[in-house]
Amino acid sequence: MEGRRVRRFNMGRARGQHPQTQTHHSLLPIHSHSNPSSPSRLSTTISCCYCDFKFWAFNQPLFHFGRSHSQILRAWFSIGVGFGLTLLFSISLILIWELGRALNLFHGSFFINLFSTFSSSFSTSVADVACIFVATMVSVSVHELGHALAAASEFVQMEYVAVFVAFLFPGALVAFDSESLQPLSCFGALRIYCAGIWHNAVCCAVCGLALLLLPFILFPFYIHGESPMVLGVPSTSPLSGYLSPGDVIVSVDGVPIHNVQEWMEMTALINELALRGRNHSLDVQGFGINRIKGYCVPNSMMEESKQIIGDNQSSCPDDLTAFTPLPCDHTSILDHNHPSRIEKTHCLNAKNVVKLNKCGEGWAAITNGSNCICSQEESCLSPVQIPGLIWVEITYSRPYYLECLRVRRKSFVGPRISDSMESNCGGTFVFVGDVISMARSVKLTAYQPRWAFPLGTYLPNVLERILICTFQVSLTLALLNSLPVYFLDGESILEATLSHFALLCPRKRRKVLQVCLLWGTLISILAFFRIMLYTL
């Protein structure tokens, strides 16, 4: 959120008329008197819905900097004029599209699609609210700094800087003396009006570049793209009790996972293969023909297990899982009701079975095209699948636990550590259920700290969130101020642009301006209400 910071350029003033004889209908925060003598003077305004904090400490430094580098800044903000006019024209076409969409002339909605993209990446957590607050302050400050420097390069003295909170939304503004804006040329005024939009666009570019370079910036302290690390597991997550913050996900169904995107893509692929592979074969990414997952279980383990005739998994005790033989014939594999698959059911401990070698062609890691890879002393057993539930193996490690750090140190200098201690530092567990909701229920990051230190685990994620939020808020601020509506920068940019049309007399220019602003405001309000209805 932001306030108006420079008055609209008065294009209709008659030549030779003294500025003080005019009536200025400024919608901007204009100071009525000269600058205060003390640059450290402070002022506040408080009401039930609005609170601001004014200060003058930046007046002279910004004015001195802008005046000293006026040529460079004018060239810089001249580029911003081209960008601002292009964006104003583009956003006006989008408003026409929105009007046609509201009248069922076109399909699709730019603003709804943009809002859906932004809102899908946020939640209502306290951390996201804090990120949005910080991103808003940064974006608004960058916007106002653009106006202030552009005005200083045109030798316009700034009156004051203010930060405010209106209806719980933070913002900032700069105010100028109304008389100092009158002598400016039309293009000079455009440089000031377009400066905020231009700086928001540059802020978006900087945030995007910082996101791309973040792995290289954090390289001395963090490992990126090796394996995703768990940041949080809600109590409602189906993985609660299996994973905890600081755990690293190594693989899913034997396929190594390097980042959060691969985690989501792999679970989506497993879900697709399971749903489509029940009735027919499917070849995806070069592995697998059918979707049956099996394990090479030693015959001795099978003899010790309790055998139950039938395929009813509920007959097994709670701590055991039902497994059934997996034949080598491909045709019989595809038939889940084949007699060879329901002939015998073995109740086995799943924690021990997942440590064995894999067989069957449902594993993404097996690419040899054969499901019969067990030895003569082993049999390929497949877990009895429950309709609607998917069997997934997840391998994880716990590199930052104190016990595991000691194990890793001793493994380099001492004898081998016991298997029980090593098992506490990682392992493999089986998840049976909806893999899509399971994957979305945990919060992951692609960064692993090189050393265990407090809060270091969350720093890259916080930086990513702030950069993403700043990019989105800054883009939103640029688009909003490009709208040809009342009270925003688009109004001043449109008025200054119309002044270049010499074929129109001042009275016709004012009429064209009012018509454009009226329709732009109405269509923008219509688009806003459509977004509100979409979110409800």
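The values are calculated or read from the model by the stated rules, or taken from the named source; none is laboratory data. Not measured: the values here are computed from a predicted model. Don't worry about glycine lacking a Cβ; one is built from the backbone with ideal geometry, like all the others, and counts go over all protein chains shown. These area figures cover heavy atoms from the full protein model, side chains too; ligands, DNA and RNA do not enter into them. Shrake-Rupley method; radii C 1.70, N 1.55, O 1.52, S 1.80 Å.
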>> Under the rule of at least 5 residues apart or a separate chain, name every residue whose amide H is placed under 5 Å from the amide H of TYR486.
In response: THR521
> Taking a spot 7 Å from the Cα of SER235 along the direction of its beta carbon, which residues of the stretch 438-462 have an amide N less than 20 Å from it?
Replying inline: 438, 441-443
> Taking the mean number of other Cβ atoms within 10 Å as a proxy for protection, how do you rank 263-274, 506-517 from highest to lowest?
Replying inline: 263-274, 506-517
>> Sort 299-305, 487-493, 432-438 by the packing proxy (mean of other Cβ within 10 Å over each peptide's residues), most packed first.
In response: 487-493, 432-438, 299-305
> With every protein chain present, what is the per residue accessible area of the stretch 451-536 (1.4 Å probe, Å²)?
Replying inline: 56
> Quick one: if you stick a label point 7 Å off each Cα along the C-beta vector at ALA210 and CYS505, how many nm between them?
Replying inline: 5.3
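Taking the Cβ-Cβ separation of ASP318 and PHE155 as r and a Förster radius of 60 Å, what is the calculated FRET efficiency to the nearest 0.05?
0.15
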> In nanometres, what is the gap between the two model label sites at SER70 and LEU518, each 7 Å from Cα along Cα-to-Cβ?
Replying inline: 4.1
> So who's got an amide H within less than 5 Å of the one on ILE223, skipping anything under 5 residues away but keeping other chains? H placed 1.01 Å off N, in plane.
Replying inline: GLN448, ARG450
>> Need one number: nm distance between label points at SER43 and VAL126, each 7 Å from Cα along Cα→Cβ, rounded to one decimal.
In response: 3.7
> Amide H to amide H under 5 Å from VAL250: which residues, 5+ apart in sequence or cross-chain, H placed 1.01 Å off N in plane?
Replying inline: THR395, TYR396, SER397
